[in-house]
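To keep things clear, I will list the structure first and then write my remarks on it.
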Amino acid sequence: MNIRPRTFFYLLCVVVCCSNFFSCIFPKYTVKNYPVDTPFVFDNKIILKGNLTKDEKATLNTNLVNYWADSLYAPKEQRFGFFYRIKNPPIYDSVNIQRTEVFMKGYLKSLGYYNPQMKIVHFIEKVPDNDLKNYQQRATPPNADSAATLERLTKKSFKELHKFQRRVTVIDTVYPGKPTIIDSEAYALDSPRLQFLADSSKKASLIQPHVSHFAQSLVGAELNRLVTLYRQKGYFLITRQNLIAEADTVDQSLLNFSLDPFEQAQKIAEAAERKKGNPTTIITITQRQNLDTTGDALPDSLYFRPYKNGRVYFYPEASINMLTDTLIKDTANVKIDRYNEYTMYYTKHLFYLTLLRNLARLREGRLYNEDNLVRTINNFNQLPAWKQVDYRTVIRGDSLDYYFFMSPARPGNITLSLEGSRNTGDFLSTGTLIGTSFNIGYNAPNLFKSAVQYSASLSNGVEFTFDKDYPFLQTFLSSLSNTFSIPNKKVWSLINGPIKWLHLDKINPFNFVNDQGTRKISLTGSIADRNNFYHLRTVVLSHGFEWHKRNFTYQLKFPGSIEFYSLDTLPLLDSAFKQNPFLRTSFNTGTVVSMLQVGLSNTHTGKNPANTIFWRVGAEESGAIAEIITGLQDKIYRYIKIEGEYRIQHKWQKTSLAFRVSGGFGYNYGNTGKFGNTLPFFKQFFAGGPNSMRAWGLRQLGPGTSVVSDTSNFRERYGDMQFETNLEYRYPIASFGSVKIGGALFADVGNIWNIRKDAALPGADFNINNALKSLAIGTGTGIRLDFSYFLIRLDFGIKLRDPARYENNGWLDLTKFTWKNTEYSQYGVPARDNYAIQLGIGLPF
């Protein structure tokens with residue numbers, strides 16, 4: 001079953017390498033289906049002139065391209081992520097120049113450049129007429145029709161007709177000029193309450209006097225900010241149409257009128273010169289008066305008045321196909337539950353009213369707040385008990401009544417899945433492993449009529465090898481997990497008080513609110529049988545909470561979890577203990593009692609919309625209870641573990657660049673004779689595999705520069721500390737229907753270490769003086785098959801620098817390149833691969 005590395009390497013890299021090198025051989029732009037002897041647009045260029053900042057130039061260069069007239073723009077289609085071709089170029093028509101100027105000037109004015117100038121010229125790559133006539137005479141018999149000749153010539157090869165193309169390059173030189181700056185911002189609202197709210201929130205204004213451009217988008221965003229503010233303070237009917245921003249470009253010095261006409265004329269001339277050099281304006285936001293006299297529009301008094309919350313009506317069993325008007329009017333055949341301002345209409349009694357009240361953020365008599373309404377809707381949508389949620393508001397005097405219509409989800413569903421994997425060099429002693437697992441899952445979204453979600457998963461997997469020197473079945477894994485997710489509103493009451501008392505609620509992202517959270521209770525049991533190595537039995541009971549606020553996800557486990565581990569060592573592992581005594585302290589039987597686990601993650605786009613950023617941090621503590629209760633020191637693992645990750649992906653039109661940095665460390669503060677001075681192996685870090693250091697097999701890197709694991713028959717490596725960074729360039733190659741084929745070039749740097757030094761494992765501890773020398777470096781390429789609903793990935797990695805490599809200070813010697821490393825053959829260890837082939841599902845990060 002082993003693939004010859006040389007053959008696989010050539011097959012995998014043929015497409016990627018050809019796309020890299022042939023892109024330099026072929027012309028950058030190739031044209032198909034071009035008009036012969038007709039000018040067509042081949043390229044577009046925009047040249048910016050003037051005193052512009054780097055960011056302004058980048059913004060204008062990126063966006064002005066979108067404002068070329070369609071018939072004046074040459075669309076470029078990216079091929080293999082490296083070069084382009086032009087398909088069906090438009091015929092050049094100078095009439096479109098004026099349209100392009102109108103489009104681009106309109107865009108510049110929307111950014112605050114109100115006096116732009118531009119000059120659009122074109123350059124035609126001409127061919128002498130004599131060349132065309134001579135070619136026609138040579139290719140045409142006497143007395144042949146010239147039209148027929150040209151038609152026949154169009155069927156000639158690309159090389160023959162290339163010189164008869166008329167390629168036009170359109171160049172637009174743009175002078176944006178000085179942007180109009182907003183000199184000041186003021187509010188002039190008729191309502192005293194609206195004026196007070198605007199003045200009190202002026203520090204949050206998006207307009208910065210003397211800095212912000214007079215851009216339509218910026219002024220519109222400021223109006224939207226005020227509308228959002230008012231809708232949080234009870235003004236339900238206020239919209240963007242009820243506010244208007246007036247701009248005044250008059251120089252204030254002209255308001256000081258002079259009786260001397262010559263002096264006044266001089267002031268006017270000086271003001272005009274100042275406006276030309278530094279144009280400014282004053283923004284005043286006022287109320288827009290209703291000018292509709294037809295009687296259909298509401299009077300202004302209703303728009304500019306606050307409303308209070310009224311009654312709340314729930315329809316938790318609404319059919320997705322039933323009209324809301326019918327549900328409201330048809331109350332004859334339904335049952336009703338009431339509690340204060342809340343009313344529930346139902347027929348099957350699938351939900352309790354208490355659940356709906358806890359999910360709602362609306363209280364009768366309080367001012368309308370749009371945020372509370374959105375939170376209420378989000379609380380309903382986050383629960384899988386309903387597949388669709390809709391609402392309606394009805395004005396009743398100075399109050400708002402709310403109607404919520406929720407369509408229940410299916411009572412339960414079963415999922416089946418089959419997974420496969422291939423791991424090269426997971427064990428040196430077992431060669432290549434083929435793995436498969438069969439999973440059965442069950443999910444019930446509404447237990448106990450309280451939207452409690454129950455999920456169960458049964459997984460059974462095996463790993464086997466076709467190597468005749470080892471038993472066929474290598475690993476058996478089986479696990480059963482049960483999880484209850486309980487909607488919980490009062491979780492933050494445990495910590496929200498101390499957080500506000502310490503003023504931590506003022507610090508972002510720790511601005512906690514009593515939003516709907518989820519309490520999770522899970523019980524998991526698993527069995528792992530490694531042939532002739534060990535039997536591991538695990539039971540884990542955990543309890544925790546989870547919340548979502550904007551882009552943040554909070555996790556808290558308190559009390560955390562209790563994990564029971566039972567390990568039976570077998571002959572091969574006992575033999576490995578003799579060769580590597582350090583393994584004995586890692587493989588011990590004990591209990592993990594985690595009193596506190598916290599986690600925080602965030603996903604956002606950042607300042608550049610082309611960037612997607614994700615980060616997470618987490619911490620775990622175990623064994624603190626042993627400091628209180630005597631007699632538990634030798635039964636409970638005591639450690640602290642912290643880890644984090646940061647990912648950013650920048651997307652261009654077709655390609656993308658992804659970067660990840662991750663790391664963590666754990667400290668065993670128990671330091672007992674039984675448990676040693678490291679984390680238990682099931683809590684330690686590892687590297688290698690399809691989602692980590694891809695030039696190494698799973699758990700085949702590190703720790704540090706230690707080579708003890710290479711001289712043992714048990715080669716799995718674990719560490720108390722990890723650092724890793726990855727860079728990957730992704731590009732498209734081709735597409736066949738709905739299947740997209742992509743490629744990637746990647747580089748991985750990282751390793752794992754132990755915190756404390758151990759004589760039995762030299763070189764495994766982290767030392768700042770030789771940290772760079774202990775970093776592993778791998779690079780490679782890969783192919784991705786994207787089927788839209790899942791992605792299959794095949795990566796080929798080369799070890800550029802291996803800390804366990806003795807020769808050449810760990811670096812790969814390209815002049816003496818070999819696919820195998822035989823440095824440790826004298827110890828009876830088979831040759832190690834200088835490469836790895838990884839098969840994965842989904843992107844690595």
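The values are calculated or read from the model by the stated rules, or taken from the named source; none is laboratory data. Since the structure is predicted, the reported quantities are computational estimates derived from the model, not experimental observations. Glycine also receives a Cβ, built like all others from the backbone with ideal geometry; neighbour counts cover every protein chain displayed. When the accessible area is computed, the model is the full protein with side chains, heavy atoms only, and any ligands, DNA or RNA have been set aside. Shrake-Rupley method; radii C 1.70, N 1.55, O 1.52, S 1.80 Å.
Below 9 angstrom from the Cβ of GLY742, what's the summed charge of the other residues (Lys, Arg +1; Asp, Glu -1)?
+2
With the full set of protein chains in place, find how many percent of the accessible area of region 710-845 is carbon and sulfur; take the probe as 1.4 Å.
So the carbon and sulfur contribution to the accessible surface is 61 percent.
To one decimal place, what orientation-averaged projected area in nm² is obtained for the convex hull of the Cα set of region 312-370?
For region 312-370, the mean projected area of the Cα convex hull comes to 4.9 nm².
Please report, largest first and rounded to whole Å, the three semi-axes of the ellipsoid equivalent to region 635-674, where each semi-axis is the square root of five times an eigenvalue of the C-alpha gyration tensor.
41, 7, 6
On a 1.4 Å probe surface of the protein chains, which of ILE97, ILE86, ILE91, ILE841 comes out largest in accessible area, and what is the full order?
Largest accessible area first, the residues go ILE841, ILE91, ILE97, ILE86.
Residue by residue through region 729-735, what is 3J(HN,Hα) from phi via Karplus (6.51 cos²θ - 1.76 cosθ + 1.60, θ = phi - 60°)? Round to whole Hz and write x for glycine and proline.
9, 10, 8, x, 10, 6, 9
Would you pull out the residues with amide H under 5 Å of ARG288's amide H, same chain only if 5 or more places away, H placed 1.01 Å from N?
LEU243, ILE244
Send over a whole-number figure in Å² for the accessible area per residue of region 702-845, probe 1.4 Å.
The answer is 45 Å² per residue.
Using a 1.4 angstrom probe on the protein heavy atoms only, line up TRP819, TRP652 by accessible area, largest first.
TRP652, TRP819
Give me the net charge for the shell around LEU657: Cβ to Cβ below 13 angstrom, other residues only, Lys and Arg +1, Asp and Glu -1.
+4
Can you check what the net charge comes to around ASN446, using other residues whose Cβ is under 12 Å from the Cβ of ASN446 (Lys, Arg +1; Asp, Glu -1)?
Once all neighbours under 12 Å are counted, the net charge is +3.
What residues have an amide H closer than 5 Å to that of ASP833, excluding those fewer than 5 places away on the same chain, when H is modeled at 1.01 Å from N in the peptide plane?
Here the answer is ASN821, since their amide H atoms fall under 5 Å of that of ASP833.
As a test question: what accessible area, to the nearest 10 Å², does HIS122 have when a 1.4 Å probe is rolled over all protein chains in place?
My reading of the accessible area for HIS122 is about 90 Å².
Considering only protein heavy atoms, what is the solvent-accessible area of ARG396 at a probe of 1.4 Å, reported in Å² to the nearest 10?
Rounded to the nearest 10, the figure is 110 Å².
Using only C-alpha positions, report the orientation-averaged shadow area of the convex hull of region 780-845, nm², one decimal.
Over all viewing directions, region 780-845 projects a mean Cα-hull area of 5.7 nm².
Please compute the Kirkwood hydrodynamic radius over region 282-387, one decimal place, Å, based on all pairs of different Cα atoms.
16.9
Quick one: 3J(HN,Hα) in Hz for region 770-777, Karplus 6.51/-1.76/1.60 with θ = phi - 60°, rounded, Gly and Pro as x.
10, 5, 5, 5, 8, 7, 8, 10
Can you list residues from other chains, or at least 5 along the same chain, whose modelled amide H is less than 5 Å from the amide H of LYS308?
It is TYR368, SER399, LEU400, by chain and number.
In whole Hz, what ³J(HN,Hα) sequence does region 685-694 give by Karplus (6.51, -1.76, 1.60; θ = phi - 60°), x for Gly and Pro?
8, 8, 9, x, x, x, 10, 10, 6, 6
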